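Notes to accompany the following structure.
The values are calculated or read from the model by the stated rules, or taken from the named source; none is laboratory data. Predicted model, so just to flag it, every value in this text is computed and none were measured. FYI the Cβ positions are ideal-geometry reconstructions off the backbone, even for glycines, and counts take in every protein chain you see.
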């Protein structure tokens, strides 16, 4: 099942990026991520998953243990400007990958979102709907769930911890709601209520996307922690609070606010200092 292969995280962030310089070409972004992973002794694995091929990175050496932590990337480079959709959503700065590489205990793997890091035949179904309005569509969540199955088998794991960054937080929550082997759900700057999020930023609704906040019943018995940057204007704390407040008062998940952090800074670099896997 595994093949070796060669976060509009938010419109406002992308506008800021595009104002500075044109983004690197997709191949350059792929190579940069591969080099970053290789420097930590990780290698790429491509996962055929439904109508997509999802890119992943895994350590070349596995550790003993029954638990696998899977880091799910953000939305990547979805928009080039307020009116121009990116032709390729591969992230310029893969925060989810940086977090995975800073995982400090036990087996970990990184999972990209549909159409990130892929080209040629592996990108055959890559319509831009999958990184814009339907980024959390049932097809996307089903593919991510299949990829989690394959990573679990690859590591011979029994339990899964899902960690999602930005839009990857929504994917992690939606995948967790469909599984019985998830022992913990962790989100970082997670877009856990995209209806509120689009209203907050006065942007078009994500028509065709599932909303993580609607799945609270299926997540009721899963341990959770949701990290928010105190200075995050992209996915503000109100989005996470909306998700948490959907739960009954005596079952509300934990939210941890990290002072001085915004949407991008400094999750990847400081992850080992922030996150306690226990």
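Restricting the range 51-68 to residues that are assigned to a loop (DSSP other than H, G, I, E, B) and touching a helix residue (DSSP H, G or I) at 6+ places or on another chain (Cβ under 8 Å), the residue that is modelled with the highest pLDDT is 51.
Is it the case, given these coordinates, that residue 1 is over 27 Å from residue 149 (Cα atoms) and either modelled with pLDDT of 90 or more or surrounded by fewer than 21 Cβ atoms within 10 Å (Cβ to Cβ) (or both)? Spelling it out, it is not the case that residue 1 is over 27 Å from residue 149 (Cα atoms) and either modelled with pLDDT of 90 or more or surrounded by fewer than 21 Cβ atoms within 10 Å (Cβ to Cβ) (or both). When 37, 108 are checked against the criterion of being part of a strand (DSSP E or B), surrounded by 15 or more Cβ atoms within 10 Å (Cβ to Cβ) and either within 17 Å of the chain's Cα centre (by Cα) or at pLDDT below 95 (or both), a single residue qualifies: 108. Scan the range 214-222 and give yes if some residue there is in contact with a helix residue (DSSP H, G or I) (Cβ under 7 Å, 6 or more places away or on another chain) and assigned to a loop (DSSP other than H, G, I, E, B), otherwise no. Yes, the range 214-222 has at least one match.
For the range 138-153, the criterion of being part of a loop (DSSP other than H, G, I, E, B), modelled with pLDDT of 95 or more and buried (at least 16 other Cβ atoms within 10 Å of the Cβ) is met by none of the residues. Quick check, is residue 94 surrounded by fewer than 24 Cβ atoms within 10 Å (Cβ to Cβ) and under 18 Å from residue 117 (Cβ atoms)? Against the criterion (surrounded by fewer than 24 Cβ atoms within 10 Å (Cβ to Cβ) and under 18 Å from residue 117 (Cβ atoms)), residue 94 does not qualify. Residues that are loosely packed, with under 15 Cβ neighbours inside 10 Å and closer than 14 Å to residue 101 by Cβ within the range 45-60 comprise just one, 60. Being touching a strand residue (DSSP E or B) at 6+ places or on another chain (Cβ under 6 Å) and modelled with pLDDT of 95 or more holds for only one residue in 209, 183, 242, and it is 183. The number of residues in the range 223-253 being over 25 Å from residue 114 (Cα atoms) and part of a helix (DSSP H, G or I) comes to 9. As for the range 69-78, it holds at least one residue that is outside any strand (DSSP E or B) and either modelled with pLDDT under 95 or surrounded by fewer than 24 Cβ atoms within 10 Å (Cβ to Cβ) (or both).
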